[in-house]
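Report on the following structure.
Just so you know, all these numbers are worked out from the coordinates, no wet-lab data involved. Model, not experiment: these values are computed from the prediction. Reconstructed Cβ throughout: ideal geometry from the backbone, glycine too, with neighbour counts over all protein chains shown.
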């Protein structure tokens, strides 16, 4: 049986507003303007998100494309490397309160190619 231990991320100044996710190799957590990643859940690296990007949940496809969303605006973001994020070409879900994101397969389209 595994035992869980709380660990602090040293330079967190805002509460972690999003959910911690795991993409198969990294744990992800975000506050208002920063992203925290860890391969083991103990040592965390801080990354500053681009201006205007806030992520509350992140998922990664089997080909490596990352997607994330801002729960406040329901805006989706996309990244090829988990570092550079750009708004995805999809309409925000009007009136929806999004809390979780998981990877699954959907048919490719012009807005979301492979």
(message) Give me the one-decimal nm value for the distance between modelled label points at residue 10 and residue 78, 7 Å along each residue's Cα-to-Cβ direction.
(response) 3.6
(request) Taking 7 Å along the Cα-to-C-beta vector as the label spot, tell me the residue 86-residue 109 distance in nanometres, rounded to one decimal. (result) 1.9
(request) Can you tell me the FRET efficiency between residue 42 and residue 63 if r is taken as the Cβ-Cβ distance and R0 is 22 Å, rounded to the nearest 0.05? (result) 0.20
(request) Quick one: order 69, 77, 27 by neighbouring beta-carbon count within 10 Å, fewest to most. (result) 27, 77, 69
